Amino acid sequence: MTGGKPDCASVCRTASGQPVRMAFERLGPIRQFGDLLAVDDSEDPARTLAAEQIAHLVEGWRYCASAFHACLVHASDNAQHFAYYAELRAALSLFSGSGIRIKQGDGFCLDERGSRCEIQKGKTHDLVWAFWPEWVKRDDAAALLRQITLLPGVSLADFEESLSVLGIDRSLYGWGYDLVQVGKDDSLARNVASYDAFWVSRPLAHMTEADFELLRELWELLLPDNDRWRFDIELIRFLVRRALLTLKRVRSKEETEDWAEDGFTDLVADDDDLNGVVHEVTSRCGADAETLRKTLTARPLDRPFRLAEEGNTGLANMLCRAVFLLRLATLSVRESMQETHGPAQIWLAHWLEHAGLRSLEAEVELVDLSDDYRLALDEIEIRSPLPQSLWKESNAHRAARLSRPEICLAWGVLA
């Protein structure tokens, strides 16, 4: 590495997540509530990265919770500020899982043998912005998404074999828009939210039902649908729909890519391209063709995905990207934990109690914790005046639950 900044492409080619995954067994030991996950250890840098992968993930979800709460009290600038830091922490967690430590003054990467290579010093934000475009090119980045499933035995990878224009790489890059395109310019918006007396020159405005609707949609994506997140189901449907529309436009020689505003969601059961994909996927996976077809043509929940991929730094766009990067980081931690059964799981269970999200003494299955949040989403009453009505009487406990998206770690990692 030469000059004033690291060779991010070289680091991303060299770094390996395998030593980090193996180090999960060496975390702890966790024998009681206050035991440390790990200490920074120059003799075992893989163990350090394994611990930091988990720590950045939980802090990312905490920033996301702060953003959700800010939305529920109509503090949009604060919500935007917290959403950005949720994205940043998610990226740091993902990098850690790939063997890359981004830390001001002490960054390094690990090769497949676990050997440490120093990274050129720099500011944390600058390094994350520089590394994201290269990290998304790694095989392990796309592999995280390829493993998610639409139906039992039917993964995103199965659709990629049938649809070469599925666009996984495009989505990964797009979700990091705030980490790439905005960069230093976005610090102005964050500084305004943090330091400026902006109400001196800004008119007050009422919160509307539309302001709440995006949170409702994001919660729908976070909640489990049988044994998978609805996020996973809707992402696959989104990518398949977009790919099928792309194929139609290529045939008709349309040059526009404005798929988000027209017939993108109008996928019908007798569509020839759809039926071709269904036939190929079911032939390969043994799934029921009619079930797959109905799943793909059901009414989609795709607005958050479209907002995430827009080149816009509005609050709605940033909230969606924060949730999506955190979902990706959660997948990475879960994948690492599946290879072990020990200290990481115990520590995370303790963290849920530390955060007031679960009592270790309560005999409730982790996945069943989602029932209370589903009920809060279904029963919350959205009426004028907002946000006052969200925090009155019986509505308040529902709003309180919906300000805690970090609970999804219970069913996203541990269950």
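The values are calculated or read from the model by the stated rules, or taken from the named source; none is laboratory data. Here the structure is a predicted model, which is why all the values come from computation and not from measurement. Cβ coordinates were reconstructed from backbone atoms using ideal geometry, including for glycine residues, and neighbour counts include every protein chain displayed.
Annotations for the structure displayed:
- When residues of the stretch 31-51 are limited to those that are under 19 Å from Gln345 (Cα atoms) and buried (at least 20 other Cβ atoms within 10 Å of the Cβ), the one modelled with the lowest pLDDT: Ala38
- Long-range neighbours under 7 Å by Cβ, at least six apart or interchain, first residue closer than 20 Å to Leu375 by Cβ within the stretch 204-219, second of a type in the set (Lys, Arg): Glu217/Arg303
- Just so you know, in the stretch 65-112 the residues that are β-branched (Val, Ile, Thr) and surrounded by 19 or more Cβ atoms within 10 Å (Cβ to Cβ) include one that is farthest from Gly356 (Cα to Cα), and it is Ile100.
- Failed criterion for Gln80 (all others in (1) part of a helix (DSSP H, G or I); (2) in contact with a Gly (Cβ under 9 Å, 6 or more places away or on another chain); (3) at pLDDT 95 or above hold): (3)
- Subset of the stretch 296-333 that is in a loop (DSSP other than H, G, I, E, B) and of a type in the set (A, V, I, L, M, F, W, C) - its residue that is surrounded by the most Cβ atoms within 10 Å (Cβ to Cβ): Leu301
- The condition (being within 18 Å of Phe324 (Cβ to Cβ) and over 17 Å from the mean Cα position of the chain (by Cα)) is satisfied by just one residue among Cys117, Cys109, Cys71: Cys71.
- Test: residue in the stretch 302-313 that is of a type in the set (Gly, Ala, Ser) and within 15 Å of the chain's Cα centre (by Cα): yes
- Scanning the stretch 336-349 for any residue that is in contact (Cβ under 8 Å) with a residue 12 or more places away in the chain, closer than 20 Å to Asp227 by Cα and part of a loop (DSSP other than H, G, I, E, B) turns up at least one such residue.
Matching residues to (1) in contact with a helix residue (DSSP H, G or I) (Cβ under 6 Å, 6 or more places away or on another chain); (2) not acidic (Asp, Glu):
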{"site": "Arg26", "(1), (2)": "yes, yes"}
{"site": "Asp35", "(1), (2)": "no, no"}
{"site": "Ala55", "(1), (2)": "no, yes"}
{"site": "Glu59", "(1), (2)": "yes, no"}
{"site": "His69", "(1), (2)": "no, yes"}
{"site": "Gln104", "(1), (2)": "yes, yes"}
{"site": "Phe108", "(1), (2)": "no, yes"}
{"site": "Asp111", "(1), (2)": "yes, no"}
{"site": "Ser115", "(1), (2)": "no, yes"}
